[in-house]
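Only one structure is covered here, and it is reproduced in the block below.
No lab work stands behind these numbers, since they all come straight from the coordinates. Just so it is clear, the model here is predicted, and its values are computed rather than measured. Every residue, glycine among them, receives a Cβ derived from its backbone with ideal geometry; neighbour counts consider all protein chains shown.
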Amino acid sequence: MMKIAVIDGQGGGIGSNVIKKIKERFQETVEVVALGTNAIATAQMLKARANKGASGENAIVRTVEQVDVVIAPIGVMMAHAMMGEVTPPMAEAVAACRAQKLLIPLSQENVTIVGVSAQPLPHFVDLLISEHLAKIATAQ
């Protein structure tokens, strides 16, 4: 069974949206682990039907080594992003892990990803699920 980590911070809205769509598409054929930079984000993602969840730096650093796919806003790979919730060890662990990384190009940081058009979150999530995650799941 493919194991997917969804990482989010602050209120967990992005991660919750992603998890709902994953569960709609793949049901229980995948395991979704909610990793919040804080307990509120984790709780919201668990409400969205993640199979399990954990919060904080150590949970993220340890768990990304055990999953097949990491899904998160792009800020998760930037130290001090998400209003400081992403610590340098978190960013390093995500960047260095063997898992396939599917990053959503939404950021509150002073970063522009050239070549990416601005779209609402639901469009990015639909594209992530239908174009990218579906291909990975089929290859497993």
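Does residue 104 meet the test of being closer than 19 Å to residue 137 by Cβ, buried (at least 18 other Cβ atoms within 10 Å of the Cβ) and in contact with a Pro (Cβ under 7 Å, 6 or more places away or on another chain)?
Here the answer is yes, as residue 104 does meet what is asked.
What is the number of the single condition among (1) touching a strand residue (DSSP E or B) at 6+ places or on another chain (Cβ under 7 Å); (2) in a loop (DSSP other than H, G, I, E, B) that residue 132 does not meet?
So the condition that residue 132 fails would be (2).
Considering only segment 89-120, how many residues are more than 13 Å from the chain's Cα centre (by Cα) and either basic (Lys, Arg) or within 25 Å of residue 3 (Cβ to Cβ) (or both)?
Residues that pass the stated criteria total 6.
Condition first: surrounded by fewer than 24 Cβ atoms within 10 Å (Cβ to Cβ) and more than 16 Å from residue 74 (Cβ to Cβ). Now tell me which residues in segment 1-21 satisfy that.
1, 2, 3, 11, 16, 20, 21
Restricting attention to segment 114-140, which residues are farther than 21 Å from residue 22 by Cα and surrounded by 11 or more Cβ atoms within 10 Å (Cβ to Cβ)?
Result: 116, single match.
Which residues, taken from segment 66-101, are touching a Pro at 6+ places or on another chain (Cβ under 6 Å) and surrounded by 16 or more Cβ atoms within 10 Å (Cβ to Cβ)?
Correct list: 74 only.
Which of the residues belonging to segment 7-54 are under 19 Å from residue 103 (Cα atoms) and hydroxyl-bearing (Ser, Thr, Tyr)?
Hits for segment 7-54 are 16, 37, 42.
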